[in-house]
Amino acid sequence: MGNTSSMLTQYDIEDVENHCSQRFTQREIVSLYQRFCALDRSGKGYISGDEFMSVPEFAVNPLSQRLLGILEGLNFKEFVAVLSAFSPLATINDKLDFIFRVYDIRNNGKVSSEDMIRVLRDLSGDFLTDKQRQAVVTQALEESGYSKDYSLTPEDFLKVLSNGGLKMDVEVPID
Amino acid sequence: MYQRHLDEVLADSGPKADDDLLRNLLDLSPTLSEAASAIIDDSFTRCFKSNSPEPWNWNIYLFPLWVVGVIMRYGILFPIRLVLLIIGWVIFLGLFIPIHFCIKKHEKLRQKLERGLVEFICSVFVASWTGVIKYHGPRPSRRAKQVFVANHTSMIDFIVLEQMTAFAVIMQKHPGWVGLLQTTVLESLGCIWFNRTESKDRMIVAKKLKHHVEDPDSNPLLIFPEGTCVNNEYTVMFKKGAFELDCTVCPIAIKYNKIFVDAFWNSKKQSFTMHLLRLMTSWAVVCDVWYLEPQTLRPGETSIEFAERVRDMIADRAGIKKVPWDGYLKYYRPSVKLTEKKQQKFAESIVRQLDDRKSTRSLTTGLRDGGLS
């Protein structure tokens, strides 16, 4: 599967299917491959940050830079595995893991209030002051019974986010 | 998913007015879903995808047929067409250059002859790719205060339309031999150049356009309001420049039949020369051109609404879909203001949640104090 301009073989499709734990069907994987090749205009085998940003709907997203950190430079197999969190077949843990990953930029398994403020800055831009951001994060932690210096673990994420149900599904169009 | 209007994309993806503030902060799912949805499929990229037809030469008796076809196209048709094209150019230049430089006194005669010659060379071009073009509707008439607008798939749109009527067109200045043609031959028709990369350019061009349409002797003006080539299955937003000239707008719809070749010129993937070569080595270029009913600005209609209305007409006639994107996003990133709008919405909802809490807190304190006294 190294050369993206070649066709996917059945073996390749099954390999990708296993790698994403069957979260996508084979038809969806073929469709995703066409999309991958369309975005990877120069046929390098991965999609660069620039190529992602050429999709206007993605470029206007406040979290685009963070997502680029996770998505750019991946080969097709890894690309599908990362996106599998958005499949309707993904479990709530898959989705929570993805959200946790977006927060945990230093990859140390914990989300501190600093991490939360950083994401909040991406989401709110210049429309909140630093003071307001600090106040919101402190308030939110304390209201849920955590101290304001507490670092959230994946289990905390599960506790906070699971009871409302998480709507994070994206449909892959199949031609 | 593809028809989502820009407003919906900017729609509130902030937290809901739920009680759980921490949950609202941590729940990135709406924003992330939008991003993932855009990565997996987006209506803008679809506009510029060259959809290659299914290969039909896949079995043992069709393949030799296809090989014969290739030999015929490259070995017989292409040389004939090339010769035809060269002869056509020799005749054209042989007549155009003398006429352009020698007949300086009889301006009207010169213009008439030049127009005729341009129509001739465009017919030669069309013949060089065996263009099978069907024109529907009344032919454009020369009148003052009217402009023609059409959807844009390739530079050959201009040639296809020009062989019928000598339009003056407004186009992007190109490098190479195309640019040379632009500055010499096309300039005599009254064509106007613009430069996408220059920001002040739009005002200069608007002035030139106004000047042109007010001149009753100038050739009818043809504008491609999309501003870029689209793959003939979608239309991107029409720029309002053509619709603010206080003129009648005559829409023209162009639809290419992909049966032998896809006429979409993907300027990022191939040069115009390669594009022409591809057309010249295919069997034929088949297309339909519809001249539609002239439209004027309705009372109370803005020029943007006017542009959209005309785009509707063209998209309907040609049987192509509409998307709400600006074609220039092919060259530029979307404005930061769009992201800022989303951020503002989110910030406002956060401030609202903080304020709600402050007010309930002061309410309970007030009650407590009231109770005590």
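Here are the numbers:
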item: Computed FRET value (nearest 0.05) for B:Lys341 with B:Leu95, which takes r as the C-beta separation and R₀ as 51 Å; result: 0.35
item: Accessible surface of the protein assembly as shown, 1.4 Å probe, proportion on carbon and sulfur as whole %; result: 58 percent
item: Buried solvent-accessible surface, both chains (A, B), 1.4 Å probe, Å² to nearest 100; result: 4700 Å²
item: Span from the region A:78-93 Cα centroid across to the region B:31-92 one, whole angstrom; result: 36 Å
item: Stokes-Einstein D (µm²/s) once Rh is taken as the Kirkwood radius of region A:92-161 over alpha-carbon pairs, at 10 °C in 1.306 mPa s; result: 127 µm²/s
item: Accessible surface ranking that places the most exposed of B:His275, B:His106 first, with a 1.4 angstrom probe; result: B:His106, B:His275
item: All lysines inside 17 Å of A:Lys95 as judged from Cα atoms, apart from same-chain residues fewer than 8 positions distant; result: A:Lys110, A:Lys159, A:Lys167
item: Paramagnetic label zone (point 7 Å from Cα along Cα-to-C-beta, B:Trp177; backbone N under 19 Å) in region B:265-287; result: B:265-267, B:270-282
item: Projected area averaged over orientations for region A:58-175, convex hull of C-alpha atoms, nm²; result: 8.8 nm²
item: Separation of the A:Leu89 and B:Lys207 label points, Cα + 7 Å toward Cβ, nm; result: 6.3 nm
item: Net charge over other residues, Cβ less than 11 angstrom from the Cβ of B:Asp262 (K, R count +1; D, E count -1); result: +2
item: Using a Förster distance of 30 Å, the FRET efficiency for B:Asn266-B:Val351 (Cβ separation, nearest 0.05); result: 0.05
item: Surface per residue (accessible, 1.4 Å probe) for the protein assembly as shown, Å²; result: 50 Å²
item: Residue-span extension gain [A:Glu51 to A:Ala135] - 0.36 nm each, minus C-alpha spacing; result: 26.5 nm
item: Cα convex hull volume per residue for region A:10-86 (Å³); result: 88 Å³
item: Rg over Rh, two decimals, chain B (C-alpha only, Kirkwood Rh); result: 1.13
item: Share antiparallel - DSSP beta bridges, chain B, percent rounded to 5; result: 25 percent
item: Among beta bridges that DSSP assigns inside the protein assembly as shown, antiparallel share in %, nearest 5; result: 30 percent
item: Relative contact order of region B:62-330, pairs being alpha-carbon contacts under 8 Å that are 6 or more residues apart, as %; result: 24 percent
item: Projected label distance in nm at A:Arg106 and B:Ser218, using a 7 Å step from Cα toward the beta-carbon; result: 6.4 nm
item: The protein assembly as shown - convex hull of the alpha-carbon atoms, volume per residue in Å³; result: 185 Å³
item: At least 30 Å along the helix axis (C-alpha) and Kyte average at least 0.0, DSSP helices within chain B; result: B:78-102, B:107-128
item: Segment B:Phe78-B:Lys321, extension gain: residue separation times 0.36 nm, minus the distance between their alpha carbons; result: 84.1 nm
item: Estimated dipole of chain A in Debye, rounded to 20 [Cβ of Lys and Arg +1, of Asp and Glu -1, Cα centre]; result: 260 debye
item: Region A:16-109 - percent relative contact order, Cα under 8 Å, separation 6 or more; result: 31 percent
item: Heavy-atom SASA rank of B:Lys322, B:Lys268 (probe 1.4 Å, accessible area, largest first); result: B:Lys268, B:Lys322
item: Local electrostatic count at B:Leu354 - Lys and Arg +1, Asp and Glu -1, tallied over other residues with Cβ under 12 Å; result: +2
item: Around B:Leu209: net Lys/Arg minus Asp/Glu count, Cβ-Cβ under 13 Å; result: +2
item: Approximate spin-label separation B:Ile86-B:Ile71, in nm, with each point projected 7 Å along Cα-to-Cβ; result: 2.4 nm
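The values are calculated or read from the model by the stated rules, or taken from the named source; none is laboratory data. Since we're looking at a predicted model, the values are computed, not measured. Quick reminder, even Gly has a Cβ in these numbers, built from the backbone with ideal geometry, and neighbours come from all protein chains shown. For the accessible areas, the whole protein counts, side chains as well, though only heavy atoms, and no ligand, DNA or RNA atoms are used. Shrake-Rupley method; radii C 1.70, N 1.55, O 1.52, S 1.80 Å.
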